[in-house]
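I have placed the structure first, in the form of structure tokens, so that the comments after it can refer back to it.
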Amino acid sequence: MSEFILEDGRKAEKLENNLDSLTKVIEVYVEPKQQKKLSQRITEKLCVCERVIETLDEATGEVVNTVVEKVCCDSPKEVKVADKSHMQMVVENKIKGSSVKNYIFAAVILAQLVALAYVIFM
């Protein structure tokens, strides 16, 4: 009886039996594969310095808890899944962060329309 480890890390035993001089039986016993279940998903968005950590229920696969961390500044904020979904958080961040840029963009377009109207009608 010799013990060894397979390529995937499982322990195995090899038993050799000689039935007669011409027949040799080798039996390899392997421990069962361990099932892996997803318990946590970490998404890092380096362009916005954000890390989203989702803790999942192993039995159902549903998201139990979501933590959004700012990687650049050390102020993690915890968000419960029942309050806001991930997509709602993304949309809120887009709306809050780009309101000044939207006003400037709208002002430039309005100025171009006024200049176009002046050129056409004057």
ask   = How about segment 41-66: which of its residues are exposed (fewer than 10 other Cβ atoms within 10 Å of the Cβ) and polar (S, T, N, Q)?
value = Thr60
message = Quick check on segment 110-122. Is at least one of its residues out of contact with any His (no Cβ under 7 Å at 6 or more places or on another chain), surrounded by fewer than 10 Cβ atoms within 10 Å (Cβ to Cβ) and modelled with pLDDT under 80?
response = no
task = Kindly state which strands (runs of 3 or more DSSP E) lie completely within segment 1-66 and contain at least 1 residues that are modelled with pLDDT of 85 or more and outside the structural domain of Val90 (by TED's automatic domain parsing).
result = 2-5, 11-18, 24-30
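The values are calculated or read from the model by the stated rules, or taken from the named source; none is laboratory data. The shown structure was predicted, so the numbers you read here are calculated from the model rather than taken from an experiment. Here Cβ is always computed from backbone atoms with ideal geometry, including for glycine, and neighbour counts include all displayed protein chains.
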